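To start, the structure under review is shown below, and the notes come after it.
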There are 2 protein chains.
Amino acid sequence: MRWLLTLLAIGLVPMTILHAASDDTVEHVVLGIHGGIGLEKKDMTPDLDRQLRELLTAALHAGKAKLDAGGNSLDAVEAAIRLMEDSPLLNAGKGAVFTREGRNELDASIMDGRTKAAGAVAGVTVIKNPITAARAVMEKSKHVLLIGRGAEIFATKQGLDIVDPAYFWTEHRWQAIQEIWKQDAEQKAQPQSSVAPWKSKHIEYGTVGAVALDQAGNLAAGTSTGGMTGKLYGRVGDSPIISAGTYADNAAAAISCTGHGEFFIRYAVSHEIVSQMKYLKRSLKAAADDVINQQLKPAGGEGAAIGLDKSGKFDAAYNSEGLYRGCITKEGKVRVRLYEE
Amino acid sequence: MRWLLTLLAIGLVPMTILHAASDDTVEHVVLGIHGGIGLEKKDMTPDLDRQLRELLTAALHAGKAKLDAGGNSLDAVEAAIRLMEDSPLLNAGKGAVFTREGRNELDASIMDGRTKAAGAVAGVTVIKNPITAARAVMEKSKHVLLIGRGAEIFATKQGLDIVDPAYFWTEHRWQAIQEIWKQDAEQKAQPQSSVAPWKSKHIEYGTVGAVALDQAGNLAAGTSTGGMTGKLYGRVGDSPIISAGTYADNAAAAISCTGHGEFFIRYAVSHEIVSQMKYLKRSLKAAADDVINQQLKPAGGEGAAIGLDKSGKFDAAYNSEGLYRGCITKEGKVRVRLYEE
């Protein structure tokens, strides 16, 4: 950046270049969301582009409506994420990717920045809205993290919507797992062949998340996902892990992440951003940039974080080609982006 | 503390008082361990006291032997924890507590401070040594956290010791769950009676953990547990959560925690200690004391953390009555404590 500042100082670069690409800062925000890293730009179609922007806009309005009706930041986060979970377009709830065993195993978490209360579920297969189950764990149990069948029994007792696993099925995710199974079979048939180890054409980390700030000044964050396509062995990523995929602390910011979850767990990304803000007095933008671009990127960890600080400043950092993201201000102004724009 | 420093300065308090109770700092340490918060002192017997000290001492020697044979810090952590898992005295592996459903569901995690590589398993029921499974996840899979049946299939494929669930049974843990079931039944029989909500006579958070520093200067940490007696709904605590129960970063320290796991997840205790060391330049002792005594205690979170910094300084912080703990120096000097001593 130093050369750029130098060029700016001597007037050789118009200021607009700096703002053209990756400045995601927006002030007076009450709700920010993401829908994951998504497709490579070359695979994006005009129709899907439009549908995604409409979906993100609808999620922002759904969350904002809760705030306008006097709801708190948790209500806004839950409402925005539920709408994204219910859409087949994103990898959470309906539309979740399939595991290697041909199932949909969902993870979610939510956190209250005021009390540091938190709830999460992992590896659930029949709960329609995992984010609502995560909130029930936070508010209706003494626990933070419930997994698998136990989480499903708890959600059922709480009266949450329980669905047949087939509810989560979508044609495009089913095709994606067929492709992996086909490659698995080819590799087994030709053990010494030149068939390359399986590699997804485009790994979509289409996790969804939200961060909100309510009128009382309280922050909240939440994240929900179907995980990685073809995941094995009850693999759980960062989305249900408080401090990795989700963290909220009124003293700093609310954070939700998406990406290669293993890296986000190892680097405790959400909590690391909050720690740098609290202890290094860094801005949300500087802290998120440090973790996503200076720590994760050199380590090979692809992904992104969105955050909302206590002053209402929203920011996003990503080391991937794009990040489906958006935010809405107190006045109802919406901004949605899918790549650098 | 200021009044005490003042009294010290004017010579009214002998210096020894400061060192009598809770100074757990030891230098030149290569391995530190804990065996959980344990029993209230009034329930401790001379025989159990002796057995626990022997067990902790044996675990320290087992880990130290790995280091002396040229093993790294991960080898030492794994060896010390395996020995504690194999003992019926502590709440990890053999001797784990029972869930409300009468099962033993085990969690463990391990982390390499050099690479920030990590592995964890949660909710496993047939893996003899969960810490070894956690290490296999770290070294033999692309994942960090595997849960339930998937983790068990992975461990089986890796050739780890698989046992009948009955292996984990112990008489004293079985008696503890009988007591809870009896109280559950009494409450159901008299729904409007004066029977108090179930409360354990002594909640034993007998999680085990280890932190090590090898000759190459690399730190490692690990934690293993059976969780809380009578836990419900696939509840998972902090032990398998990287940043909560376990964290290791060569830039600061290796940390392992035990206690009321929900609080340790919400406060990301292990990562918070590391963050304060890195960003506030606090000592391990000061950072651990801040998190355990200034943050967790006022919030009602009972528990403890042990840590080993990159200079070989070991420390322990706990807001409970006791903490089974020990450490061994480079020269083989062992110190074991169960309460304030």
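The values are calculated or read from the model by the stated rules, or taken from the named source; none is laboratory data. Since we're looking at a predicted model, the values are computed, not measured. Note: ideal-geometry Cβ built from the backbone for every residue, glycine included; neighbour counts use all protein chains shown. Heads up: the accessible areas ignore ligands, DNA and RNA and are worked out on the full protein's heavy atoms, side chains in. Shrake-Rupley method; radii C 1.70, N 1.55, O 1.52, S 1.80 Å.
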Selection within segment B:101-123 - part of a loop (DSSP other than H, G, I, E, B) and surrounded by 24 or more Cβ atoms within 10 Å (Cβ to Cβ):
B:104, B:105, B:113
Can you name every residue in segment B:69-78 that is aliphatic (A, V, I, L, M) and surrounded by fewer than 24 Cβ atoms within 10 Å (Cβ to Cβ)?
B:69
For residues that are aromatic (Phe, Trp, Tyr) and touching a Gly at 6+ places or on another chain (Cβ under 8 Å), scanning just segment B:250-286, find the one that is farthest from residue A:244 (Cα to Cα).
B:263
Which number in (1) open to solvent by less than 90 Å² (accessible area, probe 1.4 Å); (2) modelled with pLDDT under 95; (3) in a loop (DSSP other than H, G, I, E, B) marks the one condition that residue B:36 misses?
(2)
Please determine, by comparing only the residues of segment B:157-173 that are within 22 Å of residue A:148 (Cα to Cα) and open to solvent by 80 Å² or more (accessible area, probe 1.4 Å), which one is nearest to the other protein chains (Cβ to nearest Cβ).
B:157
Could you check residue B:334 against (1) closer than 29 Å to residue B:128 by Cβ; (2) open to solvent by 10 Å² or more (accessible area, probe 1.4 Å); (3) modelled with pLDDT under 95 and say which number it fails?
(3)
Within segment A:53-76, the count of residues that are assigned to a loop (DSSP other than H, G, I, E, B) and out of contact with any helix residue (DSSP H, G or I) (no Cβ under 9 Å at 6 or more places or on another chain) comes to 1
Just wondering, is there one or more residues in segment A:93-100 that are open to solvent by less than 30 Å² (accessible area, probe 1.4 Å) and more than 16 Å from the chain's Cα centre (by Cα)?
yes
In the list B:63, B:32, B:38, which residue meets the criterion of being closer than 24 Å to residue B:286 by Cβ and within 18 Å of the chain's Cα centre (by Cα)?
B:32
Given the residues A:233, A:247, A:267, which is the only one that is free of Cβ contacts under 8 Å to residues at least 12 places away in the same chain and either closer than 22 Å to residue B:124 by Cβ or within 18 Å of the chain's Cα centre (by Cα) (or both)?
A:233
Hey, residue A:217 hits all of (1) more than 14 Å from chain B (Cβ to nearest Cβ); (2) open to solvent by 10 Å² or more (accessible area, probe 1.4 Å); (3) closer than 25 Å to residue A:106 by Cα but one; which does it fall short on?
(3)
Among the residues of segment B:198-205, are any open to solvent by less than 40 Å² (accessible area, probe 1.4 Å) and aliphatic (A, V, I, L, M)?
no
Selection count where residues are crowded, with 24+ Cβ neighbours inside 10 Å and assigned to a helix (DSSP H, G or I), scope segment A:83-92
2
Could you look through segment B:83-123, keep only residues that are charged (D, E, K, R) and in contact with an Asp or Glu (Cβ under 7 Å, 6 or more places away or on another chain), and pick out the one that is nearest to the other protein chains (Cβ to nearest Cβ)?
B:116
Please indicate, with yes or no, whether at least one residue in segment B:73-94 is closer than 20 Å to residue A:241 by Cβ and in contact with a strand residue (DSSP E or B) (Cβ under 9 Å, 6 or more places away or on another chain).
no
Out of (1) assigned to a helix (DSSP H, G or I); (2) modelled with pLDDT under 95, what's the single condition that is false for residue A:79?
(2)
Scanning segment B:40-52 for residues that are touching a residue at least 60 places away in the same chain (Cβ under 8 Å) and in a helix (DSSP H, G or I), which turns out nearest to residue B:254 (Cα to Cα)?
B:52
I'd like to verify a number: residues in segment B:125-156 that are of a type in the set (A, V, I, L, M, F, W, C), surrounded by 24 or more Cβ atoms within 10 Å (Cβ to Cβ), more than 19 Å from residue A:238 (Cα to Cα) and more than 7 Å from every other protein chain (Cβ to nearest Cβ), how many?
4
